[in-house]
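Working notes, beginning with the structure itself.
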Amino acid sequence: LTLYEKKSVLVNRELDLMGMGHYQHLIFLLCGLGYFLDLLYAQVFSLVAGPIRAEMGVKEADIGWLYASFNAGLMAGAMGWGMAVDVIGRRWCFNLTCLISTVFGFLFALPSSFPSLCVLSAGVGIGVGGNIPIDATIVLEFLPKNRRYLLAALSTFQPLGTVAASLIAWAIIPGWSCPQTSGSPCPKADNMGWRYTILTIAFITAFIFLARFAVFKFRESPKFLLSTGHDAHALDVLYAIAVFNGTPLPALSLEDFQALEYVEWRKDVKVRDVEQQMEAEPKTTRGWKSKLGGLEKYVGHLGGMFRSRVYAYLFVVLAIAYMSLFFSFSIAGGFLPLILAARGVEMEMSQSQTYRSYVSIYLPGVTATWAAAYAMDLPKIGRKWAMVFAAGLMGASLFLYQLVNSIPANIAFNALEYWCQSLYSALLYAYTPEAFPATYRGSASGMLSTLGRVAGIVAPVVAGRVYTGGDSPGVLYLAGGAAWMSMLAIACLPFDTRGKEAY
């Protein structure tokens, strides 16, 4: 182990002795609300698109720019915040993502210009996009080892966000909207439902921000502090958590860390930390870094990942898994309605019926995330093979869509596909931060999330070339095959994280 990893083991032992206290429960709840916001906004933009078209006369072919802008913001947010959480720390990112989402959420309800809405949706995406890599990282770094299954349970908040958005829209939009079938744009005064819906969600986001920033005092992660050389501060955080939880103060002291440093010095180890490997790098690498100048401050920590064969291989395998997963469900979401229409399944439903069907589809996903939490600690299965099983189920559910020929069957198979997708995603989002050290944990999670979202944007373009019109089974095969490609990638993971130290 490196010096940093040895110190992390000592911190882990203290967290294990503390157990699951009040501080950890609040961290889980507040980070879960970050997951909640991720799909709350993703769902609400699809629900307000129809009323926006009716009011502003947006062509059907152009409404996709609203989703594209939001997804572009999500990509920028996942990459930017994922890097920032390893550079400026967990605490600032924990609060700033919610603040940005709040501000742009309120602003989104103001314009009557479609291009302005697209810009503001990208702003919301920048804030929301960092939630999953940041919140998963934070929860992991405060949990005792025997409670790490809660990383998968964290994803429970995602289907809750989807259901909440559908319920809010169901309650507000139908009564405050003009008919979407009218040929001409309707007055703003008759179409305030989508604005009231967005404002309601912005108020929810503001409440979450205030709970994080003003009500709860979030302490910087001890793992981040260790990785940046602030050992005394890391100990202060452990003591503060113990006081908050009402548990005995940790026995760990600064002298324990200094003893480890002395041992390393006696062994004449030049590499003191994961971050301090400049002397161990080849000269060509040092020259490359010197050319980067100030940029090295922000990306230099990634060197530890790409110098290690195990972590570099792990990143590539997970990149394939993430991209295949996002590719799969993006195709399903975009082309299943077209296939159903070609089969003669009339999907003409009122707004109220549509939003009610969303609740029926997404609410069962809550049980999938708890099934994922249970599966994480199954003996001889663990995270890896549970993910293989879940991805296989997801692919099979997409192939089974060939059987859908009615609205009830559509809702049932949509719910099945979403349940399998939720099971797999919960396990994947839990495994990723566990697998990487704290030095570049957030950056790796953010980059993987970004690659997944890129694949999600490319997927409809690729599927459009496969889709031949009418009942085109090739699209279903493409979506199901991508899910199984993700399954094969997971089967190639170099290790499982069950029982493994999280450094």
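Data table
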| read-out | value |
| --- | --- |
| Members of region 464-494 found to be under 26 Å from Tyr431 (Cα atoms) and free of Cβ contacts under 8 Å to residues at least 12 places away in the same chain, listed by number | Leu488 |
| Region 438-483, residues that are open to solvent by 30 Å² or more (accessible area, probe 1.4 Å), modelled with pLDDT of 85 or more and among the aromatic types (Phe, Trp, Tyr) | Tyr477 |
| Top-ranked residue in region 204-248 [being polar (S, T, N, Q) and more than 18 Å from Gly21 (Cβ to Cβ); ranked as most open to solvent (accessible area, probe 1.4 Å)] | Thr228 |
| Pairs, first within 18 Å of Ser425 (Cβ to Cβ) in region 439-463, second outside any helix (DSSP H, G or I) and open to solvent by less than 10 Å² (accessible area, probe 1.4 Å), C-beta under 6 Å, six or more apart | Ala444/Phe436 |
| So Ala54, is it under 18 Å from the mean Cα position of the chain (by Cα) and crowded, with 19+ Cβ neighbours inside 10 Å | no |
| Total residues in region 1-47, condition farther than 23 Å from Tyr67 by Cβ and either β-branched (Val, Ile, Thr) or part of a helix (DSSP H, G or I) (or both) | 29 |
| Failed item, numbered, when Ile201 is tested on (1) more than 22 Å from the chain's Cα centre (by Cα); (2) surrounded by 17 or more Cβ atoms within 10 Å (Cβ to Cβ); (3) more than 30 Å from Ala240 (Cα to Cα) | (1) |
| Cβ-Cβ under 9 Å pairs, at least 6 apart or on other chains, region 90-118 side over 30 Å from Leu226 (Cα atoms) and open to solvent by 40 Å² or more (accessible area, probe 1.4 Å), far side not in a helix (DSSP H, G or I) and not basic (Lys, Arg) | Ser116/Leu110 |
| Residue tally, condition within 20 Å of Ser449 (Cβ to Cβ), open to solvent by less than 40 Å² (accessible area, probe 1.4 Å), modelled with pLDDT under 80 and out of contact with any Ser or Thr (no Cβ under 7 Å at 6 or more places or on another chain), over region 300-326 | 1 |
| Breaking point among (1) surrounded by 21 or more Cβ atoms within 10 Å (Cβ to Cβ); (2) out of contact with any Ser or Thr (no Cβ under 7 Å at 6 or more places or on another chain); (3) more than 30 Å from Gly89 (Cβ to Cβ), for Ala171 | (1) |
| Of the criteria (1) under 30 Å from Val44 (Cβ atoms); (2) within 22 Å of the chain's Cα centre (by Cα); (3) of a type outside the set (Phe, Trp, Tyr), which one Ala214 fails | (2) |
| Hits in region 362-391 - residues which are outside any loop (DSSP other than H, G, I, E, B) and either farther than 25 Å from Val163 by Cα or not hydrophobic (A, V, I, L, M, F, W, C) (or both) | Tyr362, Gly365, Thr367, Thr369, Tyr374, Gly382, Arg383, Lys384, Trp385, Ala386, Val388, Phe389 |
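Results for (1) modelled with pLDDT under 90; (2) open to solvent by 50 Å² or more (accessible area, probe 1.4 Å); (3) of a type in the set (Ser, Thr, Tyr), shown as yes or no for each residue.
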| position | (1), (2), (3) |
| --- | --- |
| Glu346 | yes, yes, no |
| Tyr358 | yes, yes, yes |
| Gly365 | yes, no, no |
| Ala371 | no, no, no |
| Gly382 | yes, no, no |
| Trp385 | no, yes, no |
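The values are calculated or read from the model by the stated rules, or taken from the named source; none is laboratory data. This is a predicted model, so every value here is computed, not measured. No Cβ is skipped: glycine too gets one built from the backbone with ideal geometry, and neighbour counts run over all protein chains shown. These accessible areas exclude ligands, DNA and RNA; they are computed on the full protein's heavy atoms, side chains included. Shrake-Rupley method; radii C 1.70, N 1.55, O 1.52, S 1.80 Å.
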